[in-house]
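Every number here is computed from the coordinates shown, using simple stated rules; none is lab data. Predicted, not measured: the structure shown is a model, and the values here were computed from it. Positions of Cβ are backbone-derived with ideal geometry, glycine not excepted, and every protein chain shown enters the neighbour counts.
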Amino acid sequence: MAILETRNVSLNFGGIRALSDVSLSVEAGGLYAIIGPNGAGKTSLLNCISGFYRADSGSILFEGRDITRFRPDEVSKLGIARTFQNVELFANMNVIDNMLLGRHHHYRIGFFRNAFLGYLAEEETAHRRKIEEVMDFLEMQQWRKHLVASLPFGVQKRVELGRALAQEPKILLLDEPVAGMNAEETEDIARFILDIHEELRTTIVMIEHDMDVVMDISQGISVLDFGVKIAEGTPLEVQKNPEVQRAYLGENYELMMRGEGTG
């Protein structure tokens, strides 16, 4: 059963067509990737799903419910969490406090009241316990009291992943989770994504340019090019698709098909 669907979603910025009739379906429990060249509309689609952009036409359904016109906070309350292409954290707050912000929809008597009462509040204690569980899961205990601004970029990306995970989402939207990372950091994040999917049984939709990561861990892939979905299928099917090869290789692909080479 599909947990998330987009039906003929289109989005324009003035005269620029960012998305054109994009339809996709994500099965509950799946690990799904959306790929495409720069400017293909991938982040725009994620922004429509999460409520940061409002589609000009088409519809977005989550668990069968139309969320096309929902605000970001309303989308989040339903169980959709996300990370961003560029790290969106509070740099002058420590790791624990940044991650506690991911619990704000779970507070019953108010985040700020709990923050003021601190450990005296039973609810605050429960939320902090959950944060500790997430930090253990993502192997972040050594940075728990560090200011985010003092952390390496790869660790900041992990904190952002942890904040999204702290929401206890039904579906996790990841926008380029390994962008800007070295090989070791990339391997760590790919492992955590698999752990989230397999151990926590969280549905995941990710945008990623690292094709090694995409092909290694995703179960299904949709390919966008200039805002149009040009392919969909398993990693192997997508990898062999001529339209996908043309989108990524451009003129070089045409030369290869004619046997002319590129040298």
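Counting 0.36 nm for each residue step from L101 to R17 and taking away their Cα separation leaves a gain of 26.8 nm. Shown here for the range 1-63: trypsin sites (Lys or Arg not before Pro) in loop regions (DSSP other than H, G, I, E, B) with at most 15 other Cβ atoms within 10 Å, namely R54. A Förster distance of 41 Å, applied to the separation of the beta-carbon atoms of E63 and Q85, puts the FRET efficiency at 0.95. Rounded to the nearest 5, the antiparallel percentage of DSSP beta bridges internal to the chain is 55%. Distant-in-sequence amide contacts of I3, defined by a placed amide H-H separation under 5 Å and a gap of 5 or more residues or a different chain, comprise V26, E27, A28. Summing charges over all other residues whose Cβ lies under 9 Å from the Cβ of D188, with Lys and Arg as +1 and Asp and Glu as -1, gives -2. Of the cross-linked pairs K42/K157; K77/K130; K77/K157; K130/K229; K130/K157; K170/K229, those separated by over 29 Å at the C-alpha level are K130/K229. Measure nothing but the geometry: give the 0 to 90° angle between the long axis through the Cα atoms of 153-165 and the longest principal axis through the Cα atoms of the chain, rounded to 10°. That helix lies at roughly 70 degrees to the long axis.
Compute the long axis of helix 183-199 from its Cα atoms, compare it with the longest principal axis of the Cα atoms of the chain, and write down the angle in degrees, 0 to 90, nearest 10. Tilt of helix 183-199: around 70 degrees. Taking GluC sites (Glu not before Pro) in DSSP loop conformation with at most 14 other Cβ atoms inside 10 Å as exposed sites, the chain has its longest uninterrupted site-free stretch at 140-259.
Helix content alone sets the calculated 222 nm mean residue ellipticity of the chain: runs of n ≥ 4 DSSP H residues at -39500 (n - 2.57) each, divided across all residues, give -11000 deg cm²/dmol.
Relative to the longest principal axis of the Cα atoms of the chain, helix 122-137 runs at roughly 40 degrees. Here Cα Rg over 2.2 N^0.38 Å was computed from the coordinates, and among (1) 1.00; (2) 1.08; (3) 0.92 the match is (2). Ordered by the number of other Cβ atoms lying within 10 Å of each residue's own Cβ, fewest first, I131, I34 fall into the sequence I131, I34.
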